[in-house]
Amino acid sequence: MSDMNRHILSAFDRDLEGIQAMIMKMGGLVETQIRDGAKSLETRDEELAEQVRQGDKAVDALEDSLNEEAARVIALRAPAASDLRVVLSVMRMSANLERIGDLAKNMAKRTSVLSQLQPVNGSASSLRRMARDVELMLKDSLDAYIQRDAELARDVIARDSEIDRMYNTLFREILTFMLEDPRNITACMHLHFIAKNIERMGDHVTSIAEQVIFVVTGTADDLPREKADRTSFDPKYSVQDSEE
């Protein structure tokens with residue numbers, strides 16, 4: 001290998017390390033957003049909720065910087081197929097992290113509203129447990145990426161079905177609370193939006209894990225993921241919330 005080729009390879013490796021460091025930093029911020037968003041809901045801490053809302057700006061800024069750097073690397077280094085796969089996967093992962101950050105921000109937005117309403121029988125603590133599981137899934141998916149561990153990534157994907165089951169259980173509980181006492185309806189609607197947002201976080205984490213498998217194996221797993229969220233199949237109960 002010529003000195004010039006060695007220099008180009010070394011420069012690309014440094015660029016790739018920089019991009020991967022950015023995705024890990026972004027992932028750490030999003031983990032904190034999930035944790036603090038759920039904590040602010042359970043403790044009715046409006047100041048912490050505001051921190052989550054403001055923290056989303058840092059996540060967005062990191063995504064912009066990462067995409068710019070990735071585009072620069074592709075244009076300047078013209079990476080080979082396997083290296084290009086890594087760069088493109090990081091860009092896709094950053095998009096999923098940005099969406100999770102938006103969903104955590106949405107959760108925090110509702111804290112100030114819910115803090116003015118009567119608590120609904122431990123629902124906030126159930127949501128925090130659900131969010132904690134998603135946070136651990138995200139941590140493991142990022143670890144799987146660094147370790148290039150496809151099996152750990154597949155384990156993360158399998159755990160998403162438990163998030164769906166938790167959501168379904170909570171959804172039924174929320175419906176029961178509304179039927180038992182109409183005064184709970186407003187609070188329960190907000191709680192349902194939050195539960196759905198956490199369930200969506202799990203979907204985005206699963207997409208990150210799928211990118212890990214793609215980086216490691218060069219192919220995507222062919223088996224479709226079965227969603228255990230059945231509530232969306234009934235239009236009477238289908239409720240949408242924006243990721244903004």
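The values are calculated or read from the model by the stated rules, or taken from the named source; none is laboratory data. Keep in mind the model is a prediction, meaning the values are calculated, not measured. Note that we place each Cβ from the backbone using ideal geometry, even for glycine, and neighbour counts take in every protein chain shown.
Return the residue satisfying two criteria in turn: it lies in the stretch 102-149 and is in contact with a Phe, Trp or Tyr (Cβ under 9 Å, 6 or more places away or on another chain) and farther than 27 Å from Ala209 by Cα, and of such residues it is surrounded by the most Cβ atoms within 10 Å (Cβ to Cβ). I'd like the intermediate steps shown before the answer.
Step one: filter the stretch 102-149 for residues in contact with a Phe, Trp or Tyr (Cβ under 9 Å, 6 or more places away or on another chain), giving 106-107, 110, 120-121, 123, 130.
So of that shortlist, the ones also farther than 27 Å from Ala209 by Cα come out as 110, 120-121, 123.
Details: Arg110: 21, Val120: 20, Asn121: 15, Ser123: 24.
Among those that are in contact with a Phe, Trp or Tyr (Cβ under 9 Å, 6 or more places away or on another chain) and farther than 27 Å from Ala209 by Cα, it is Ser123.
The residues in the stretch 180-208 that are free of Cβ contacts under 8 Å to residues at least 12 places away in the same chain and touching a helix residue (DSSP H, G or I) at 6+ places or on another chain (Cβ under 6 Å) can be counted, and the count is 1. Condition (residue is in contact (Cβ under 8 Å) with a residue 40 or more places away in the chain and part of a loop (DSSP other than H, G, I, E, B)) applied to the stretch 132-148: is it met by at least one residue? Checked against the condition, which is being in contact (Cβ under 8 Å) with a residue 40 or more places away in the chain and part of a loop (DSSP other than H, G, I, E, B), the stretch 132-148 yields at least one hit.
Out of curiosity, is Asp45 surrounded by 15 or more Cβ atoms within 10 Å (Cβ to Cβ), under 30 Å from Ser125 (Cβ atoms) and modelled with pLDDT under 95?
Judged against the criteria, Asp45 is a match.
Identify all residues within the stretch 160-179 that are of a type in the set (Lys, Arg) and either touching a residue at least 40 places away in the same chain (Cβ under 8 Å) or crowded, with 23+ Cβ neighbours inside 10 Å (or both); write none if there are none. Arg165, the sole residue that qualifies.
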